[in-house]
Amino acid sequence: MKIFEYKDGETTWVLAKDLTEAMALFDGSFGNFSYLDSINLKEVPKDEWKDMYLLDINEPEPDEDDEEYDEDNYHAGYLIIENFEEYVNRSTSSGVIACTEY
């Protein structure tokens, strides 16, 4: 499986076996993808997966003075659920991983 990143103002990441499947996840079909060159879709290298995170946006980073605060548990101001590598290792099917649109 591979991770693909699509940017169109927001960023969306999908898990798919190849580019064709990734495109189908974005547009809902397995049609003619002649427009692929005109969009911003790229494969994310495996060595970057461990540094990309699923975040819980309902759990903002607490004040540094909070006694239970551990900065390693937070990224971009939110609680880390898991990194993309962990997600891929437990996933059994293709699909959307995350999106920056709340």
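The values are calculated or read from the model by the stated rules, or taken from the named source; none is laboratory data. Just so we're clear, the structure is a prediction, and the values are computed from it rather than from any experiment. Heads up, the Cβs are rebuilt from the backbone with ideal geometry, glycines too, and the neighbour counts pull from every protein chain shown.
Consider segment 1-29. How many of its residues are among the aliphatic types (A, V, I, L, M), assigned to a strand (DSSP E or B) and out of contact with any helix residue (DSSP H, G or I) (no Cβ under 8 Å at 6 or more places or on another chain)?
Of the residues in segment 1-29, the ones among the aliphatic types (A, V, I, L, M) are 1, 3, 14-16, 19, 22-25.
In the following step, the residues that additionally are assigned to a strand (DSSP E or B) were identified as 3, 14-16.
If we keep only those that are out of contact with any helix residue (DSSP H, G or I) (no Cβ under 8 Å at 6 or more places or on another chain) as well, we get none.
The number of residues fulfilling the criteria is 0.
Between a first residue in segment 73-89 that is closer than 21 Å to P60 by Cα and a second residue that is basic (K, R), which pairs have beta carbons less than 8 Å apart while being 6 or more apart in sequence or on different chains?
Matching pairs, first to second residue: N83/K50; F84/K50.
Does segment 51-72 contain at least one residue that is assigned to a helix (DSSP H, G or I), at pLDDT 90 or above and surrounded by 11 or more Cβ atoms within 10 Å (Cβ to Cβ)?
no
Take the residues in segment 33-50 that are in a helix (DSSP H, G or I) and modelled with pLDDT of 95 or more; name whichever of them is surrounded by the fewest Cβ atoms within 10 Å (Cβ to Cβ).
Going through the qualifying residues, I end up with D47.
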